1. How many residues does the range 61-77 contain that are assigned to a strand (DSSP E or B), of a type in the set (A, V, I, L, M, F, W, C) and farther than 22 Å from Ala14 by Cβ?
2. Restrict the check to the range 91-101 and report whether at least one residue is without any contact (Cβ under 8 Å) to a residue 60 or more places away in the chain, more than 13 Å from the chain's Cα centre (by Cα) and open to solvent by 20 Å² or more (accessible area, probe 1.4 Å).
3. Scan the range 11-33 residue by residue and report those that are closer than 15 Å to Gln113 by Cα and open to solvent by less than 40 Å² (accessible area, probe 1.4 Å).
4. Would you list the strands (runs of 3 or more DSSP E) that sit entirely within the range 6-60 and hold 3 or more residues that are of a type in the set (A, V, I, L, M, F, W, C)?
5. Using the structure shown, decide if Leu80 is assigned to a loop (DSSP other than H, G, I, E, B) and touching a Lys or Arg at 6+ places or on another chain (Cβ under 9 Å).
6. Looking only at the range 69-80, decide whether some residue is touching a residue at least 24 places away in the same chain (Cβ under 8 Å), open to solvent by 60 Å² or more (accessible area, probe 1.4 Å) and not β-branched (Val, Ile, Thr).
7. For the range 93-107, which residues satisfy the criterion of being over 27 Å from Ala40 (Cβ atoms) and in a strand (DSSP E or B)?
8. Does Val110 count as under 22 Å from Ala23 (Cβ atoms), open to solvent by less than 50 Å² (accessible area, probe 1.4 Å), touching a Gly at 6+ places or on another chain (Cβ under 7 Å) and touching a residue at least 40 places away in the same chain (Cβ under 8 Å)?
Amino acid sequence: QVQLVESGGGLVQAGGSLRLSCAASGSIASIGAMGWYRQAPGKQRDLVATITSGGITNYADSVKGRFTVSRDNAKNTVYLQMNSLKPEDTAVYYCNGNVRTTGAIWYREVWGQGTLVTVSS
């Protein structure tokens, strides 16, 4: 059993910053790409940023230059530093990872429970 647990969400004023963390735990053999997605009320879940195990990153156009994704492979943790936040960044942020559990051959996708980020104007 593998879990991804997010933390760091909350309420912040426009222009402010937040740092999200997502820690993976359980019988983990290895983790491939990890990422962050978000879902605003009434909208679909969209990609925010991803990072491979080797550190290659990818960002949605809407967050480029403001958000930074990073990871600590030793801690099985991925981070999302969010700067210059805007009201339109308000959403539930979900962590995602491709995880191979101990004894398994294949990687499978695992999602966290989500953490709410609210940006006030």
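1. 0
2. No: zero hits.
3. Let us first name the residues in the range 11-33 that are closer than 15 Å to Gln113 by Cα, namely 20-25.
Leu20, Ser21, Cys22, Ala24, listed by residue number.
4. Answer list for the range 6-60: 18-26, 28-39, 45-51.
5. No.
6. Yes, that holds for at least one residue.
7. Here is the first cut: in the range 93-107, the residues over 27 Å from Ala40 (Cβ atoms) are 100-107.
Hits for the range 93-107 are Arg100, Thr101.
8. Yes; evaluated as a whole, the condition is true for this residue.
The values are calculated or read from the model by the stated rules, or taken from the named source; none is laboratory data. All values derive from a computational prediction rather than experimental measurement. We place every Cβ from the backbone using ideal geometry, glycine too, and count neighbours over all the protein chains shown. What goes into the accessible areas is simple: the full protein's heavy atoms, side chains included, and nothing from ligands, DNA or RNA. Shrake-Rupley method; radii C 1.70, N 1.55, O 1.52, S 1.80 Å.
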